[in-house]
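Undergrad: Let me give you the structure first, and then I'll get to my questions.
Nothing in this text is a laboratory measurement; each read-out follows from the coordinates by a stated rule. Remember, it's a predicted structure, so these values are computed and weren't measured experimentally. All Cβ positions, glycine included, derive from the backbone under ideal geometry; neighbour counts span all protein chains shown.
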Amino acid sequence: MKWTHLLFVPFLSLCSSAIASGVGFTQVTLTEVPERPLDTAIWYPTQDVSGTTLIGDNPAFIGTQVIKDARIQSGTFPVVLLSHGYRGNWRNQNWLATELAGHGYIVAAIDHPGTTSFNQSPKLAAKWWERPRDMSRILDYLLSKAPWKQSANVDDVAAIGHSLGGWTVMLLVGAKMDRATFGSECNKYKNPRTCGLSEELGLSKVQAKEPSNIDLSDPRIHRVVSLDLGLARSFSVNSLEDINVPTLILAAGIDIGDLPQALESGYIAEHMPLNSRQYKVYENATHFSFIQRCKAEAVAMLEEEVPGDGIICKDGLGASRSELHQLMLNDIVGFLNQ
């Protein structure tokens, strides 16, 4: 897979109980919509002290330690929903999910059918409106099924997304996709890594069974965090101007090629009300700095497999992805804490 296709990869109020001593982890598949099963990963606070397991680890990327199927800690906890990028999966923000669970959050991430590395069906990818609906479905699950419904705080729910996931979470708070706006913007700035995906993602023309009401917002979402989103210029300006849900927009300062933050994250920040959003650019970060850390041999391994893919593991000159992650975590937790 070319790195250009990986562009959209994946990748607080304190709870009523004390910070957990460990991070529990479990997986479930939601099947209430048979034609669109959702593979879901859930991280959560636990006081279990059983042995830990390494998850999300492979020859190129560093995983995290969790306690599989541990009992959730007693108490009520804020909820965070995670949306991965184009052809990504839950492992891309595993680092962030594990940290947030350790801070006392219930965190859930799904693999979006059609745009995940495990399911690249063009038919499903073109159903762009299903991505935000996926997020609402997992929230339905957490608020209605044991043991989560006893522990999830319905009054403290946030959504965080990277790249195409950032686009997804913006739809959850009122941003509306507008083909006329997107066409006009793409005529001005012919960006192959965003405009070039319009047909595959169903943005170039009306799709079969596309909802006539393009408002996909979910009023249960109280905050959103966008991590270097893409396709920002597909949103209508009016819809962005009307967003009143607190939004943290985080962007990469280093353009890896045809994804300048000024035309993506900056576009969102420009048109949203100042009292609804916060905007920060990490000058030494690239688009992929928001995904998991790489092992020492990862660049060579990725380059050998597909020339060019080594960019996934490269940050700005002199930057450390570990240090960048700590900065991001501090900013995200600080925002969610407000």
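Undergrad: Number of Lys pairs in region 23-337 with C-alpha atoms less than 20 angstrom apart, excluding same-chain neighbours closer than eight positions?
TA: 12
Undergrad: Need one number: nm distance between label points at Gln207 and Leu327, each 7 Å from Cα along Cα→Cβ, rounded to one decimal.
TA: 3.5 nm
Undergrad: May I ask you to sort Ile256, Ile243 by Cβ crowding, counting other Cβ atoms within 10 Å and putting the fewest first? Spell out each step's value before the answer.
TA: On the way: Ile256 18, Ile243 21.
Fewest to most other Cβ atoms nearby, the residues stand as Ile256, Ile243.
Undergrad: Turning to a different aspect of this structure: For the chain, what is the calculated [θ] at 222 nm in deg cm²/dmol (nearest 500), taking -39500 (n - 2.57) for each run of four or more DSSP H residues and dividing by its residue count?
TA: -7500 deg cm²/dmol
Undergrad: With +1 on each Lys and Arg Cβ and -1 on each Asp and Glu Cβ, and nothing else charged, work out how big the dipole of the chain is about its Cα centre, in Debye to the nearest 20.
TA: Computed about the Cα centre, the dipole is about 460 debye.
Undergrad: Using Cβ counts within 10 Å as a stand-in for footprinting exposure, how do Lys149, Lys188 rank, fewest first?
TA: Going from sparsest to densest Cβ surroundings: Lys188, Lys149.
Undergrad: Place a +1 charge on the Cβ of each Lys and Arg in region 225-338 and a -1 charge on the Cβ of each Asp and Glu, then give the dipole magnitude about the Cα centre in debye, rounded to the nearest 20. Don't skip to the answer; put the middle values down first.
TA: Values: 7 positive and 16 negative charges, 75 e Å.
Dipole magnitude for region 225-338 comes out near 360 debye.
Undergrad: Please list, in chain and number order, the residues 5+ apart from Leu248 or on another chain whose amide H is under 5 Å from its amide H, with Hs placed from the backbone.
TA: Residues meeting the criterion, in which the H sits 1.01 Å from N, are Val224, Val225, Ser226, Gln278.
Undergrad: What's the exposure ranking of Tyr282, Tyr189, Tyr105, Tyr44, going from fewest to most Cβ atoms within 10 Å?
TA: Tyr189, Tyr282, Tyr105, Tyr44
Undergrad: Let me ask something else. Report P(r) for region 70-109: all Cα-Cα distances, bin width 5 Å, range 0 to the bin holding the largest distance, values in whole percent.
TA: 6, 23, 31, 21, 11, 6, 2, 0
Undergrad: A further question follows. Please give the length that would be gained between Lys149 and Glu35 if that part of the chain were fully extended, namely 0.36 nm times their separation in residues minus their C-alpha to C-alpha distance (nm, one decimal). Mind showing how you got there, number by number?
TA: Numbers: separation 114, 0.36 × 114 = 41.04 nm, distance 2.52 nm.
Net length gain for the segment: 38.5 nm.
Undergrad: Here's another thing I want to ask about it. With the crude spin-label approximation of a point 7 Å out along Cα→Cβ, what separation in nm comes out for Arg71 versus Glu199?
TA: The two pseudo-label positions are separated by 5.7 nm.
Undergrad: Residue farthest toward the positive end of the dipole of the chain, with Cβ of Lys/Arg at +1 and Asp/Glu at -1: which of Ser320, Gly166, Gln65?
TA: Projecting each Cα onto the dipole axis, the largest value belongs to Gly166.
Undergrad: Kindly provide the pair-distance distribution of the chain built from C-alpha pairs, with 10 Å bins from 0 and whole-percent values in order of increasing distance.
TA: Taking all Cα pairs of the chain, the binned fractions are 6, 28, 37, 23, 6, 0 percent.
Undergrad: When all C-alpha to C-alpha distances in region 264-338 are sorted into bins of 10 Å, what percent of pairs does each bin hold, rounded to whole numbers?
TA: Histogram of Cα-Cα distances, whole percents per bin: 17, 38, 29, 13, 3.
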